[in-house]
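Read the figures in this text as sums done on the coordinates, not as results from a lab. All figures in this text were calculated on a predicted structure; none of them were measured in a lab. We place every Cβ from the backbone using ideal geometry, glycine too, and count neighbours over all the protein chains shown.
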Amino acid sequence: MKKGFFVFLASCMMTVTFAQSEKYIKAMEALVPAVDTTRTMEGLTELSNSFERIANAEKTQWLPYYYAALCQVNMANSYFQLQQLDKIDPIMEKAEPLLIKAEELEKNNSEIFCLKKMFNTGKMMADPMNRYMTYGPAASQALETAKGLDAGNPRVYLLEGIDKYYTPEQYGGSKTQGKELFAEAAKKLGTFKPASSIHPSWGASQVKYFLTLE
């Protein structure tokens, strides 16, 4: 009798877990496509908050923390483009604990190291003259690690391309090499298969944009 009860209880628990998992997947699937298209500050803030709410509900899942941090980093990048450098550090302060939590839950992941590269670049660009020696090498090391973990990750080549394209030639940059890396990223995106419908697959819109540059 006891054995039957415990089997029944375990079955119920599995059903509840499955239902929670289904709800989590559907909630994420509704948000993930927007990562590649959202560019406004308001949109990125709302998207980050939505992912963070899911992260707080699903505390063992790394992806919501990753996406919440990514939205914050994208926002910081937008502030850099607007040359509103004083707004970058507060955004990075919001992104950092989310990124740390994602890495605690998912070790040695190429996507997380790509995000660490972006994070360190963002920190550097808030004050390039004074921070290059600290955050520049950290960004480069994170990208190198990302590539070592998964050489087929398209986002590695996108980020490499951005670095090459915008770095002056006297410091090792090259617009030609940057465009070649963007083309490689586009090629990788054509064959890349994310682990699931909610795993990172972003980058297509950025690659398409950079390939139009002269």
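Observations on the model:
- Leading residue by the ranking (surrounded by the most Cβ atoms within 10 Å (Cβ to Cβ)) among those in the range 126-178 that are outside any helix (DSSP H, G or I) and out of contact with any Ser or Thr (no Cβ under 7 Å at 6 or more places or on another chain): 126
- The range 179-195: number of residues that are surrounded by 12 or more Cβ atoms within 10 Å (Cβ to Cβ) and part of a loop (DSSP other than H, G, I, E, B): 2
- Test result for residue 74, part of a helix (DSSP H, G or I), under 21 Å from residue 24 (Cβ atoms) and among the polar types (S, T, N, Q): no
- Residue within the range 106-116 that is among the small types (Gly, Ala, Ser), under 17 Å from residue 138 (Cβ atoms) and in contact with a Phe, Trp or Tyr (Cβ under 8 Å, 6 or more places away or on another chain) present: no
- Applying the condition of being over 13 Å from residue 33 (Cβ atoms) and in a helix (DSSP H, G or I) to the range 196-214 and asking which residue is nearest to the chain's Cα centre (by Cα) yields 206.
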